[in-house]
Amino acid sequence: MADPRRPARVARYKPPASETNPALEDPTPDYMNLLGMVFSMCGLMLKLKWCAWIAVYCSFISFANSRSSEDTKQMMSSFMLSISAVVMSYLQNPQPMSPPW
């Protein structure tokens, strides 16, 4: 049996450029990264455990929705800031988290 595939007819997929179509840009990772940093700072400064946990959640969402071509340094710093907010809030007050209401 001969190979029925024709290598000359193969058309490689090329994703459309984001400059030509700005609707393809997803702002979710950027917004979640910003929210994570804001909640991290609130958790650190105000010693609110629920803010620190929301920051971890936002960091995970930002990481899950990011593209591989994006800057990972900012994302990792946001993630580490949120983890440090959780750790510091529990080191300062090891009691279980109380509901915010």
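Met32: net charge of surrounding residues, Cβ under 13 Å, Lys/Arg +1, Asp/Glu -1, itself excluded? In short, -3. A simple charge model with +1 on the Cβ of Lys and Arg, -1 on the Cβ of Asp and Glu and nothing else charged puts the dipole of the chain at about 360 debye relative to its Cα centre.
Other residues within the sphere of radius under 14 Å centred on the Cβ of Ser62, judged by their own Cβ, net out at -2 (K and R +1, D and E -1).
I need the helices of the chain that pass two filters: whole DSSP H segments spanning 27 Å or more by Cα along the axis, and mean Kyte-Doolittle score no lower than -1.0. Helices meeting the criterion: 72-92.
Surface exposure of segment 26-66, expressed per residue as accessible area with a 1.4 Å probe, stands at 58 Å². Quick one: with all protein chains in place, what share of the accessible area of segment 11-101 is carbon or sulfur, to the nearest percent (1.4 Å probe)? So the carbon and sulfur contribution to the accessible surface is 67 percent.
The values are calculated or read from the model by the stated rules, or taken from the named source; none is laboratory data. Since the model is a prediction, treat every value here as computed from it, not as a measurement. Neighbour counts are summed over all protein chains in view; Cβ atoms, including those assigned to glycine, are modelled from backbone coordinates with ideal geometry. For the accessible areas, the whole protein counts, side chains as well, though only heavy atoms, and no ligand, DNA or RNA atoms are used. Shrake-Rupley method; radii C 1.70, N 1.55, O 1.52, S 1.80 Å.
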